[in-house]
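To keep things clear, I will list the structure first and then write my remarks on it.
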Amino acid sequence: MGVKLRAWLLFLIFLTGFLSLSLELIVIRQLAFYVGSSAVVTSIIIGAFLGFMSIGYFRGSSIKPNRYNVRKILFASFITIAAMSVLAGSFALITGYFYTMYAAGIFSIVTQTALFSLIFLSVAPFLFGFNVALLSRYLHKHDINYTGKIMAWDTIGSVLGSLATTLILMPIIGVNYTILLIIIMALGAAFAVMPRLFVVPIIAVIFIPAVVINTDSYLRRAYGIIINNENSTISVEEYGDGTRILKMNGVNMSIYNKSAGTTAQYVDYINDNFIYNMPRDKRRNILVLGAGGFTAGLRDTFNAYTFIDIERTLKDVSEQKFLGEKLTENKKFIVQDASQFLKNTMLNYDLIILDVYSNSYQVPENLITMEFMQRIKSRVAPGGMIVMNVIASPDFNDKFSRVFDNTFRAVFPNNTTRQVIGHINPWVADKGVGSNVLYIYYNRPESGRIYTINKTPVIYDR
């Protein structure tokens, strides 16, 4: 075996590692639109990847490779990887899968993710493992000292695939073009191992549809998507009455009607009862965790606002596509994780609005803990207030609503209230849809006293 052939085979091992990690991360990112990115969902996807890849290792180690069958096997393998990448990573096809799940009455995100992994994340990971095992056997056939190099190049490919996908490709060219790049690389590898004219139509059958359904223009036309990066898939929908809805990862984040001056019902409640009626004796500091469409305090040009969100494009999207106007000078936007911001800031705020629990199934787990709520509490000024919006059952009809309430009251046992926005019927189950429920804490002095039949000095307290 010549030096060039050995280098080429090692490159294919490197490429296999690169493609495997890149595809895995893209699938996790794309599925977040429908099932969120909780540890449970991520573990199912990673487990499926590793499980089927291990089966591929076993199968690939049983093939007796020679110069002629290796080329044919690798060609078929990379072609199949490209085809499965189209199915597993293209937003349009993923959307079709979840619509089918909903039509079939399957709403559990665990079941949806498990079935998706079984159907679409079995073949490609199997072939990733199969390719590495097959190429390893072929290299060992000529030099038994290549084990370390094989493992090293496979690992290097995986590391670079992980870093390049999350740090460079998805932020710069978007998720849709990143999956298209992976498909092109797999098809390029297929043609490189079998450079024959008859393979061109096979490649074209995969390449052309992949390009069509992964272009920005198609996604904007079909789904209204204007941003599709490593964090978020963002779209803005406009209706005949002038109402605009900002959606992030499939969830309604903000509603705004400029002519009517209205926003989402719970935001209107917060604006009318906590912001627009603030005394103007001094300029107050207001912190908004979860910027959404920047509708909180939209018409307030007096107080100082700090909006925190991890999605860097939100300000530009809101100003250009959603609000249709620039934010006023008193509003500052910081791109940072909410928990890290609270950890690092030394400023206390007169009003903290927490609006990160905007969906019942995409709850950010690190922002729902007692420890995170304690950080929020530590940053509210004396006499200040905290308002948390959460999608929950108004009548505590599910475990999440009950445990969230327990968590909140463990940190804020006094001076709190719970306001349900909109009409409710506690006699009819809401079937998991939930309502906007505002948890409100007032940072007032508290002695812990209670009234008893033995001591009731209510006339003095009032």
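The values are calculated or read from the model by the stated rules, or taken from the named source; none is laboratory data. Keep in mind that what you see is a predicted model, and the values were worked out from it rather than measured. Counting neighbours? That spans all protein chains shown, and the Cβs are built from the backbone with ideal geometry, glycine included. To get the accessible areas, we keep the full protein, side chains included, count just its heavy atoms, and leave off ligands, DNA and RNA. Shrake-Rupley method; radii C 1.70, N 1.55, O 1.52, S 1.80 Å.
Compare the Cα positions of 213, 368, 274 along the charge dipole of the chain (+1 at Cβ of Lys, Arg; -1 at Cβ of Asp, Glu; about the Cα centre) and return the one farthest towards the positive end.
213
For region 259-330, run through the chymotrypsin sites (Phe, Trp or Tyr not before Pro) and keep only the ones in DSSP coil with at most 16 other Cβ atoms within 10 Å of their Cβ. If you can, show how the numbers build up before the last one.
Working: sites: 266, 269, 274, 276, 294, 302, 305, 307, 322; in loops: 276, 294, 302.
The qualifying sites are 276, 302.
Past 18 Å, Cα to Cα: identify those pairs from 332/377; 4/149; 247/331, in the order given. Please report the intermediate quantities before stating the final value.
Details: 332/377 22 Å; 4/149 15 Å; 247/331 22 Å.
Those over the limit are 332/377; 247/331.
Pick the calculated P(r) over Cα pairs in 20 Å bins from 0, in percent for this structure from [x] 26, 59, 14, 0; [y] 19, 38, 28, 14, 1; [z] 21, 45, 25, 8, 1?
This structure yields the entry labelled [z].
Once R0 is set to 25 Å, what does the formula 1/(1 + (r/R0)^6) return for the Cβ-Cβ distance between residue 218 and residue 191, expressed as a FRET efficiency to the nearest 0.05? Intermediate results must be reported in sequence, preceding the final value.
Details: r = 25 Å, r/R0 = 1.01.
The formula returns an efficiency of 0.50 here.
What FRET efficiency comes out for the pair residue 204/residue 365, r = Cβ-Cβ distance, R0 = 51 Å, nearest 0.05?
My answer for the efficiency is 0.70.
Roughly how many nanometres apart are two label points built 7 Å out from the Cα toward the Cβ at residue 449 and residue 7?
Calculated label separation equals 8.6 nm.
In Å², what does the accessible area per residue of the chain work out to with a 1.4 Å probe?
Numbers: 22010 Å² over 462 residues.
In whole numbers, the chain has 48 Å² accessible per residue.
Please compute the alpha carbon radius of gyration of region 315-462, then divide it by the globular-protein estimate 2.2 N^0.38 Å. Two decimals is fine.
On the way: Rg = 18.4 Å, N = 148, 2.2 N^0.38 = 14.7 Å.
For region 315-462, the normalised Cα radius of gyration comes out at 1.25.
Contact order normalised by length for the chain, with contacts defined as Cα pairs under 8 Å and 6 or more residues apart; what percent is it? Present the calculation step by step, with values, prior to reporting the outcome.
On the way: 707 pairs, mean separation 60.1, N = 462.
So the answer I get is 13 percent.
Where does region 237-278 land on the Kirkwood hydrodynamic radius, alpha-carbon pairs, in angstrom?
On the way: mean 1/r = 0.0901 Å⁻¹.
For region 237-278, the Kirkwood estimate is 11.1 Å.
On the principal axes of its Cα set, how long, how wide and how thick is region 43-173? Give whole Å, largest value first.
Rounded to whole Å, the extents work out to 54, 32, 24 Å.
Enter the mean projected area of the convex hull around the alpha-carbon atoms of region 251-400, in nm², rounded to one decimal. Show your work: numbers first, answer last.
Values: hull surface 38.0 nm².
Directional mean of the projected Cα hull area for region 251-400 stands at 9.5 nm².
What's the FRET efficiency of residue 343 with residue 59 using the Cβ-Cβ distance as r and R₀ = 56 Å, to the nearest 0.05? Could the numbers behind the result be given before it?
Working: r = 48 Å, r/R0 = 0.86.
It comes to 0.70.
Can you tell me the length gained on complete extension of the stretch residue 461 to residue 167, counting 0.36 nm per residue apart and subtracting the Cα distance?
Stretched out fully, the residue 461 to residue 167 stretch lengthens by 99.9 nm.
Leaving ligands, DNA and RNA out of it, report the carbon-plus-sulfur percent of the accessible area of region 1-111 at a 1.4 Å probe.
So the carbon and sulfur contribution to the accessible surface is 71 percent.
So for the chain, taking the charge dipole from beta-carbon charges (+1 Lys/Arg, -1 Asp/Glu), which of 348, 204, 397 sits furthest toward the positive end?
204
Can you list the chymotrypsin sites (Phe, Trp or Tyr not before Pro) in region 199-243 that are in a DSSP coil and have 16 or fewer other beta carbons within 10 angstrom?
Details: sites: 207, 218, 223, 239; in loops: 239.
Filter output for region 199-243: 239.
Tell me the label-point distance for the pair residue 262, residue 66, using the 7 Å Cα-to-Cβ offset, in nm and rounded to one decimal.
Each label point is offset 7 Å from its Cα along the Cβ direction, giving 7.7 nm.
Can you give the Rg/Rh ratio of region 1-117, where Rg is from the C-alpha atoms and Rh is the Kirkwood radius? Don't skip to the answer; put the middle values down first.
Details: Rg = 17.3 Å, Rh = 16.2 Å.
Ratio of gyration radius to Kirkwood radius for region 1-117: 1.06.
Work out, step by step, the length gained on full extension between residue 243 and residue 299: first 0.36 nm times the residue separation, then minus their alpha carbon distance; give nm to one decimal. Let's see the in-between values first.
Values: separation 56, 0.36 × 56 = 20.16 nm, distance 1.73 nm.
Net length gain for the segment: 18.4 nm.
Suppose only helical runs count, i.e. DSSP H with n ≥ 4. What mean residue ellipticity at 222 nm does that imply for the chain under -39500 (n - 2.57) per run, divided by all residues and rounded to the nearest 500 deg cm²/dmol?
Numbers: 17 runs with 229 residues, N = 462.
Theoretical 222 nm ellipticity from helices: -16000 deg cm²/dmol.
Pop a pseudo-label 7 angstrom from the Cα along the beta-carbon direction at both residue 320 and residue 377 and give the gap in nm to one decimal.
According to this spin-label approximation, the distance is 4.3 nm.
Full-extension gain between residue 110 and residue 397, please, as 0.36 nm times their residue separation minus the C-alpha to C-alpha distance. Don't jump to the answer; show the numbers that get you there.
Values: separation 287, 0.36 × 287 = 103.32 nm, distance 2.06 nm.
Extra length available between residue 110 and residue 397 comes to 101.3 nm.
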